[in-house]
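The values are calculated or read from the model by the stated rules, or taken from the named source; none is laboratory data. The shown structure was predicted, so the numbers you read here are calculated from the model rather than taken from an experiment. Every residue, glycine as well, gets a Cβ built from its backbone with ideal geometry; the counts of neighbours run over all protein chains shown.
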Amino acid sequence: MNQPLYVRVHPRDNVAIVVNDGGLPAGALFACGLELLEAVPQGHKTALADIDAGQPVVRYGEVLGLAATRIARGAWVREELIDLPEAPPLDRMPLATATPAPQPALEGFTFDGYRNTDGSAGTRNLLGITTTVQCVAPTVEFAAERIRRELLPRFPNVDGVVALTHTYGCGVAINAPHAEIPIRTLRNLALNPNFGGEVMAVSLGCEKLQPARLGLPILRDDEPFAVRLQDEEHRCFGDMVAAILRFAEKRLERLNARTRVPCPASDLVVGLQCGGSDAFSGVTANPAAGFAADLLVRAGATVMFSEVTEVRDAVHLLSARAANEEVARALLREMAWYDDYLRRGGADRSANPTPGNKRGGLANIVEKALGSVAKSGSSALSAVVAPGERVTGKGLTFLATPASDFICGTLQLAAGMNLHVFTTGEGTPYGLAMAPVVKVSSRTALAARWPDLIDFDAGRIASGEATLEQAGWDLFRLILAAASGRKTWSEHWGLNNALALFNPAPVT
């Protein structure tokens, strides 16, 4: 790509990002006559017109901030040249003022999944071993490895074993405000449709999070709780592990009787997330995910997007799209709760962008948020769900989570996600054991450099090799294929990040 190219998202924009791999040198001349006054890295912004000090810097048709000093046409518009604006006041947000009309339904799209007795469907057939406290995690991990090695070969229809280990359960103020968030998260993780109702559990015995507090209906009366390590019957470590293997074998027998059957696309619960974002994320990967999200909604599926701090500065775009005022107000309540949470911790939303985000061209949280919400597509926002809760309806849902990749992924799994779409600009080997992760790159250069980690190259949109519509349809088809059992790269390599609970309550 020799011809200097930039991407201008909206006609009102007075900045654009450089497309060319490796960036462009000073003196580079665009076809429109714009000449760069200095070298600009790929993905970083240049001014399309002179911007006086105090004047808005505009991208996506929205104000990123005010120019801290005069910025000349063709200059590199860096972070330090933009003053971060105040967060949009939540009491002035539009409430369902621009609710989109439903798009035509998509009929006939299916995937091969595992039908569950509660009506849900799994994209994988997994044995889950949940835990009540971190103390038992090493024992459970040890037992899980033995199950994989000694038992799984006898049960070819079972895709794997997942140990739901975590750092919670004791040494915590378990009755404090907000302690319900990690507890309900653990409960709902065990109810994920990819476990098919056959989760087993391991406790220690003396922990604060006693088994009954999880309230798991999937633990049968004839098997009240799988293994409690402090029970008198366990006279040594070997006894504990043997007991876990006995319970596992019973569940593996039931799971192995399951086979994939055609399921409508409406049985998908797809979580959308971005990590290692760059300036291309908002023009390639996230819009492609958003287009695919619209197709999923049209097919009757549930689509979740999350990450409160990466929505906060663009919340006005979403509250206007809410299905009704009740949904809009629920969205704003979650934003307000998180504002207060950050205040109590002596932080604000400006703490969100990472060094990698900035290296990739994102100047501040406003620019990051405007690109992030592109994942939501253009459908009406049908519901808002609190952290740790399950989604219960169809359509586009906002699940209120932190922006941490690991906490967000954990909360989306607890909400019922059976497939994950993860967009990235800088790149990450992120993966989840409980659900397939389709990794989408914002740049072709990343997909070329990491061909055995990236599942889908959305950078073709920036280079003109594919339209947004083409890329969106291709991603939609890949989602159906992955839901039907096609392995993603993170599954191929067994890359599974640990679960990370969101616990705003005190630790004692």
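Name every residue in region 309-350 that is in contact with a Ser or Thr (Cβ under 6 Å, 6 or more places away or on another chain) and among the acidic types (Asp, Glu), in order of residue number. Result: 310, single match. Of all residues in region 194-209, those satisfying the criterion of being surrounded by fewer than 24 Cβ atoms within 10 Å (Cβ to Cβ), in contact with a Gly (Cβ under 7 Å, 6 or more places away or on another chain) and not basic (Lys, Arg) are 199, 207, 209. Only one of the numbered conditions (1) closer than 30 Å to residue 180 by Cα; (2) at pLDDT 95 or above; (3) aliphatic (A, V, I, L, M) is violated by residue 475, and that is (1).
Can you find a residue in region 41-53 that is in contact with a helix residue (DSSP H, G or I) (Cβ under 8 Å, 6 or more places away or on another chain), of a type in the set (A, V, I, L, M) and either crowded, with 17+ Cβ neighbours inside 10 Å or assigned by TED's automatic domain parsing to the domain that holds residue 279 (or both)? Scanning region 41-53, I find no residue that is in contact with a helix residue (DSSP H, G or I) (Cβ under 8 Å, 6 or more places away or on another chain), of a type in the set (A, V, I, L, M) and either crowded, with 17+ Cβ neighbours inside 10 Å or assigned by TED's automatic domain parsing to the domain that holds residue 279 (or both), so the answer is no. Every listed requirement among (1) hydrophobic (A, V, I, L, M, F, W, C); (2) outside any helix (DSSP H, G or I); (3) in contact (Cβ under 8 Å) with a residue 40 or more places away in the chain is met by residue 370 save one, (2). Scanning region 391-406 for residues that are in a loop (DSSP other than H, G, I, E, B), in contact (Cβ under 8 Å) with a residue 40 or more places away in the chain and over 15 Å from the mean Cα position of the chain (by Cα), we see that the one that is farthest from residue 215 (Cα to Cα) is 394.
Within region 255-274, the presence of a residue that is surrounded by fewer than 17 Cβ atoms within 10 Å (Cβ to Cβ), touching a helix residue (DSSP H, G or I) at 6+ places or on another chain (Cβ under 9 Å) and of a type in the set (D, E, K, R) is excluded.
The residue that is nearest to residue 504 (Cα to Cα), among those in region 301-341 that are surrounded by fewer than 17 Cβ atoms within 10 Å (Cβ to Cβ) and among the hydrophobic types (A, V, I, L, M, F, W, C), is 337.
Scanning region 56-66 for residues that are out of contact with any Pro (no Cβ under 7 Å at 6 or more places or on another chain) and surrounded by 15 or more Cβ atoms within 10 Å (Cβ to Cβ) yields 56, 57, 58, 59, 60, 62, 64.
Hey, does region 468-480 have a residue that's surrounded by fewer than 18 Cβ atoms within 10 Å (Cβ to Cβ), charged (D, E, K, R) and more than 15 Å from residue 289 (Cβ to Cβ)? No, because not a single residue in region 468-480 is surrounded by fewer than 18 Cβ atoms within 10 Å (Cβ to Cβ), charged (D, E, K, R) and more than 15 Å from residue 289 (Cβ to Cβ).
Residues that are in contact with a Pro (Cβ under 8 Å, 6 or more places away or on another chain) and either at pLDDT below 95 or within 22 Å of residue 59 (Cα to Cα) (or both) within region 275-311 comprise 307, 308, 309, listed in sequence order. Based on this model, can you work out whether residue 399 counts as over 28 Å from residue 448 (Cβ atoms) and touching a Cys at 6+ places or on another chain (Cβ under 9 Å)? So residue 399 fits the description; yes. Of the helices (runs of 4 or more DSSP H) contained entirely in region 259-352, those carrying at least 2 residues that are farther than 18 Å from residue 383 by Cβ and either in contact (Cβ under 8 Å) with a residue 60 or more places away in the chain or over 17 Å from the mean Cα position of the chain (by Cα) (or both) fall at 285-298, 325-344.
One residue stands out in region 8-19 among those that are under 26 Å from residue 53 (Cβ atoms) and within 28 Å of the chain's Cα centre (by Cα): the one that is surrounded by the fewest Cβ atoms within 10 Å (Cβ to Cβ), namely 10.
Residue-by-condition table, conditions (1) among the acidic types (Asp, Glu); (2) under 30 Å from residue 367 (Cβ atoms):
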residue: 55; (1), (2): no, yes
residue: 79; (1), (2): yes, yes
residue: 86; (1), (2): yes, yes
residue: 136; (1), (2): no, no
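The condition (being touching a helix residue (DSSP H, G or I) at 6+ places or on another chain (Cβ under 6 Å) and modelled with pLDDT of 95 or more) is satisfied by just one residue among 458, 483, 498, 448: 458. Residues in region 213-240 that are among the aliphatic types (A, V, I, L, M), closer than 23 Å to residue 189 by Cα and modelled with pLDDT of 85 or more: 214, 227, 229. Within region 353-363, the set of residues being more than 16 Å from residue 405 (Cα to Cα) and either in a loop (DSSP other than H, G, I, E, B) or at pLDDT below 90 (or both) comprises 360, 361, 362, 363. You will find that of 439, 375, the residue that is modelled with pLDDT of 95 or more, of a type in the set (D, E, K, R), buried (at least 19 other Cβ atoms within 10 Å of the Cβ) and in a helix (DSSP H, G or I) is 375 and no other.
Considering 97, 117, 69, the condition of being surrounded by fewer than 17 Cβ atoms within 10 Å (Cβ to Cβ), free of Cβ contacts under 8 Å to residues at least 40 places away in the same chain and of a type in the set (Ser, Thr, Tyr) is satisfied by 69 alone.
Within region 21-64, the residues that satisfy the criterion of being hydrophobic (A, V, I, L, M, F, W, C), more than 28 Å from residue 448 (Cα to Cα) and either part of a loop (DSSP other than H, G, I, E, B) or out of contact with any Lys or Arg (no Cβ under 6 Å at 6 or more places or on another chain) (or both) are 32, 34, 37, 48, 49, 51, 53, 57, 63, 64.
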